[in-house]
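Presented below is the structure to which this report refers.
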């Protein structure tokens, strides 16, 4: 069985900055129908990227989308959704529309092409404080090697620092982070030449540090929008590869825009199997 595969760098920085490869690489595999979960997971593990996205068009003409890290299936992924839209609209030209809507485990997710950007419409996941998080706060601080000024939680734990230099200086103990009661950890602070910066660590999901994390901005955008008093913001993720995100607070939703750059196209070969319709 031969399956098409594309690798796309999502949320890449502007070419004028001189970065040959930036943003977050995602693999995208178009399917005719879902394969067995264990096959999808095995492909993602073999790809060994932060996420592999799988999509197909169902009998009603709806795009259905799932995401897998090398370790597990996740409920929301920004960069692989952006990459999937780029594959559909730019590389495969499956639609004449400038917008694609996916059905996913997080409901309907749309991606609109706006000039050179692809803009995600995602659910907002505002962080909240919890009086019961003292032990987790201490454990995360120890694993990060730095104590944040604020500690909040949504799907991910979020650590707020005072300045960009503190975010750049973090050198986490990933094994320590994996032992904490956090799916993943977002570290964030005000930016020097942007509204805010972040880094994202998810060793429990097989991703020690994610290059650029769209889903984390479902939490970052409502937080910084309220803190800065702005609806539209520009953000950077300070991983080694780096990434740029154009952000908008839309109330119950957020807009997350970024560039996409294709890297490779080809096919993967997997043993034939009986297709699954489990999702």
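Just so it is clear, none of the values below were taken in a lab; they were calculated from the coordinates. What you are looking at is a predicted structure, and each value in this text was computed from that prediction instead of being measured. Using ideal geometry, Cβ is built from the backbone for each residue, glycine included, and neighbour counts are taken over all protein chains shown.
Secondary structure note: in the range 1-81, about 70% of the DSSP beta bridges are antiparallel. In the range 131-227, inverting the average of 1/r over every pair of distinct C-alpha atoms gives 13.2 Å as the Kirkwood radius. DSSP assigns beta bridges within the range 14-146; of those with both partners inside it, close to 75 percent run antiparallel. Within the listed set 257, 242, 214, the Gaussian network model of the chain (springs between alpha-carbon atoms below 10 Å) gives the highest mean-square fluctuation for 242. Considering only 198, 130, 22, give the residue with the highest GNM mean-square fluctuation for the chain, with springs between Cα atoms whenever their separation is below 10 Å. So, out of 198, 130, 22, the one fluctuating most is 130.
Label-to-label distance for residue 71 and residue 110 is 3.5 nm, based on points extended 7 Å past Cα in the beta-carbon direction. Compared with the dominant Cα axis of the chain, that is its longest principal axis, helix 37-47 is turned about 70°.
Across the chain, the relative contact order, built from alpha-carbon pairs under 8 Å that are at least six residues apart, equals 24 percent.
How far, in degrees from 0 to 90, does helix 217-228 lean away from the longest principal axis of the Cα atoms of the chain, to the nearest 10? So the inclination is approximately 40 degrees. For the range 131-227, the share of DSSP beta bridges that are antiparallel, to the nearest 5, is 75%.
If you average the C-alpha positions of the range 186-200 and of the range 77-145 separately, how far apart do those two centres end up, in angstrom? Taking the Cα centre of the range 77-145 as reference, the centre of the range 186-200 is 17 Å away. Between residue 169 and residue 193, the distance separating the two model label sites (each 7 Å from Cα on the Cα→Cβ line) works out to 2.1 nm.
Using just its DSSP H runs of length 4 or more, each adding -39500 (n - 2.57), the chain gives a mean residue ellipticity at 222 nm of -5500 deg cm²/dmol after division by all residues.
Within the listed set 205, 171, 184, the residue fluctuating most in the Gaussian network model of the chain (springs between alpha-carbon atoms under 10 angstrom) is 171. Multiplying the residue separation of residue 92 and residue 33 by 0.36 nm and subtracting their alpha-carbon distance yields 19.5 nm.
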